[in-house]
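In what follows, a single structure is set out as structure tokens and then discussed.
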Amino acid sequence: MRRTGLLRLAGAGLFSCVLTASVSASAYGEAPAFAGLEVLDQPAPARTVALTDRDGATVALDGAPVTVLNFWATWCAPCVAELPTLLALDAQLGAQGLRVVAASLDRNYETIDRFWTQQGWGENVEVALDDKGSLFRDFSAEDLGARGVPYTAILNSNGEIISWYAGDADWASEPVLAYFQAVLDAGSQ
């Protein structure tokens, strides 16, 4: 999580040392984090538990310059409220390499597909199934903030976690778009 060297020293009682440099926002440079976003000092390792697609195949979480992995469920009102903003985020930055994966904690694709169709959300965003919540539990096993849904992890091209957000957010707001634009720009250099 984001901490400054000065706070670490102060916490250790070492006030005589002065460290003025703060920890970089991520390996992607100084992307302007938005309120509530936890940016890791160093990317956390890619997860080994897999999501599945409708055919039962594994959904790879690496490859795209930036992947927004959102855990949600049809029974979660805040999840349902924020999903249109994830669709808008994808519409804004998808062509630049941002990928949104909506990882459902529901039990099966029949439930997900029926709900997704009722909402009229289309097929632009990739929907995956987190079988029995295995991947979500993997995120909650470490200090990555996953305690409930909605929960969103931001992954680099290697599938490593660079930041995370617990709770619902407006993923199409200006501060969020500015963060992702900076991460995409830094990743392309």
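In region 94-171, what % of DSSP beta bridges are antiparallel (nearest 5)?
55
Take the Cβ-Cβ distance between Ser173 and Asp131 as r, set R0 to 30 Å, and report the resulting FRET efficiency rounded to the nearest 0.05.
For R0 = 30 Å, the calculated efficiency reads 0.40.
With a/c under 1.5 counting as rounded, go ahead and sort region 84-175 into rounded, prolate or oblate using the C-alpha gyration tensor (a ≥ b ≥ c being the square roots of the eigenvalues; past the cut-off, prolate if a/b is larger than b/c, else oblate).
It is oblate, given that a/c is not under 1.5 and a/b is not larger than b/c.
Taking only the Cα atoms of region 24-187, how large is their convex hull per residue, in Å³?
Each residue corresponds to 101 Å³ of Cα convex hull volume.
Could the peptides 161-167, 54-60, 36-42 be put in order, highest first, of the mean number of other beta-carbon atoms found within 10 Å of their residues?
In decreasing order of mean packing, 161-167, 54-60, 36-42 become 161-167, 36-42, 54-60.
Pull up all non-local amide H partners of Val127: gap of 5 or more, or a different chain, and H-to-H distance under 5 Å with H placed in the peptide plane.
Excluding prolines and chain starts, which carry no amide H, the hits are Ala102.
How large is ³J(HN,Hα), in whole Hz, for each residue of region 162-173 in order, when computed from phi with the Karplus curve 6.51 cos²θ - 1.76 cosθ + 1.60 and θ = phi - 60°, using x for Gly and Pro?
Using θ = phi - 60°, the values come out as 10, 6, 8, 9, 9, x, 8, 9, 8, 6, 10, 6 Hz.
Throughout, read-outs are computed from the coordinates displayed, never taken from laboratory work. Given the structure is predicted, the values throughout are model-derived calculations rather than measurements. Neighbour counts run over all protein chains shown; Cβ positions are idealised from the backbone, glycine included.
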